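The values are calculated or read from the model by the stated rules, or taken from the named source; none is laboratory data. Bear in mind that the values here come from a model prediction, so they are computed numbers and not experimental data. Using ideal geometry, Cβ is built from the backbone for each residue, glycine included, and neighbour counts are taken over all protein chains shown.
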Amino acid sequence: MATTNVPVTRVLSGIQPTGQLTLGNYVGAMKNFVKLQHEAECYFCIVDMHALTVPQDPKALYNATLDLARIYVAAGIDPNVATIFVQSHVPAHAELGWLMECSSYIGELGRMTQFKDKSAKQEVVTTGLMTYPCLMAADILIYQASHVPVGEDQRQHLELTRDIATRLNHRFGDFVTVPEPYIPSKAEGGRIMALTDPTKKMSKTLEDPNGNIYLMDPPKVIMNKIKRAVTDLGREVVYDEENKPGVSNLMVLLSLCTGQTLDEISAKYDGYGQFKKDVAEAIISVLEPIQQKVEELRAPGVIEEILAKGADKAEAVANRNLAVFRERFGLVPRRRA
Ligand code: AMP
Ligand code: TRP
């Protein structure tokens with residue numbers, strides 16, 4: 001999973017509160033958040049400012065932000081172990097974001113595939129959509145994170161973050177940790193594909209909702225979506241990303257939801273019927289307890305309290321580190337009158 005031998009000491013990651021979370025978000029990112037909290041000092045944010053790079057309905061954004069926080073906790077991130085907070089509650093991110101904008105080049109931002117894809121879909125392209133990776137770099141570097149757990153689609157943004165960090169170290173003397181990606185391979189869930197079209201990524205913005213399993217989907221819906229999932233020619237359940245992308249994708253989900261290896265799964269089935277049924281049941285058994293916990297966390301004030309404490313903890317670290325960046329860049333520290 002981790003690509004180098006650098007010890008995992010400090011972890012930061014974030015998810016955007018846009019649309020409904022998918023099983024791809026869970027296995028590609030959040031499942032690793034839960035695991036890493038016991039291995040390192042962890043910061044997990046809800047990146048509400050990133051969501052603003054495309055038009056959002058204010059009320060929907062507000063609710064999605066609190067819901068994503070509930071999902072973090074329901075999925076197993078313990079707010080007494082890891083720090084859970086809302087990005088915009090710690091203004092130092094935006095402030096460092098500006099310094100990152102002044103440390104990156106329009107050329108490199110224009111080359112980001114996510115920018116090219118998303119801007120092609122928008123009627124108007126905001127400046128923020130282009131400078132988005134600068135804010136992401138700020139999120140990471142302000143905690144001096146050693147590792148960033150994300151899915152494969154974020155690799156390019158992380159490479160840019162590393163380039164910026166290296167650039168700053170050359171310019172101002174070594175002071176920034178160059179963060180390592182923590183990205184699962186495809187077989188480990190780093191890139192879950194759409195159920196209706198295994199050449200496309202499962203994604204909040206996929207046009208066909210049947211391609212996604214949403215974390216809040218009821219059991220019946222999950223069963224139906226898996227039954228209708230595209231499988232491939234033949235009837236063998238074997239892992240073959242190229243020739244059997246649909247079956248391979250379902251195998252990865254079954255493996256991640258039950259802990260069985262891909263080989264064990266392959267040996268167990270000789271047709272798609274029982275296999276699909278087991279995939280659906282395994283997903284349901286993982287998601288049902290999370291869904292129940294989310295409902296419990298709707299009790300008034302509960303999630304707000306967790307986020308208030310999280311912001312305090314995150315802000316203390318972020319402000320301390322921001323002061324170092326400011327000093328290196330030559331900004332005069334403010335003296336209180
Ligand atoms: P986003 O929905 O873009 O905010 O993504 C949140 C996190 O989920 C990021 O770390 C993504 O890389 C990860 N992610 C999103 N979609 C998938 C997918 N289909 N497979 C694996 N990881 C994903
Ligand atoms: N760009 C990420 C996404 O769309 C979200 C994100 C913002 C993030 N800041 C981050 C991920 C910092 C990891 C670290 O999924």
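Do the conditions hold for VAL286, that is, is it in contact with a helix residue (DSSP H, G or I) (Cβ under 8 Å, 6 or more places away or on another chain), over 21 Å from ASP197 (Cβ atoms) and surrounded by 17 or more Cβ atoms within 10 Å (Cβ to Cβ)? When the stated conditions are applied, VAL286 passes them.
Scanning the range 33-63 for residues that are farther than 22 Å from ALA318 by Cβ and within 15 Å of the chain's Cα centre (by Cα) yields a total of 2.
Which of the residues belonging to the range 70-129 are among the hydroxyl-bearing types (Ser, Thr, Tyr), in a helix (DSSP H, G or I) and surrounded by fewer than 16 Cβ atoms within 10 Å (Cβ to Cβ)? The answer is THR113, THR127. Within the range 137-179, the set of residues being outside any helix (DSSP H, G or I), out of contact with any helix residue (DSSP H, G or I) (no Cβ under 7 Å at 6 or more places or on another chain) and surrounded by fewer than 17 Cβ atoms within 10 Å (Cβ to Cβ) comprises GLY173, ASP174. All of MET223, MET216 fail the test of being more than 30 Å from VAL6 (Cβ to Cβ), in the same structural domain as THR258 (by TED's automatic domain parsing) and part of a loop (DSSP other than H, G, I, E, B), apart from MET216. If you check GLU188, GLU95, GLU101, GLU108 for being charged (D, E, K, R), within 16 Å of ligand 1 (Cβ to nearest atom) and modelled with pLDDT of 95 or more, only one passes: GLU188. When residues in the range 136-160 are screened for being more than 7 Å from ligand 2 (Cβ to nearest atom) and aliphatic (A, V, I, L, M), 7 of them pass. Each residue in the range 185-200 was checked for being more than 18 Å from GLY259 (Cα to Cα), assigned to a loop (DSSP other than H, G, I, E, B) and either within 16 Å of ligand 2 (Cβ to nearest atom) or in contact (Cβ under 8 Å) with a residue 40 or more places away in the chain (or both), and 3 pass. Within the range 21-39, the set of residues being surrounded by 16 or more Cβ atoms within 10 Å (Cβ to Cβ), more than 9 Å from ligand 1 (Cβ to nearest atom) and not in a helix (DSSP H, G or I) comprises just one member, GLN37.
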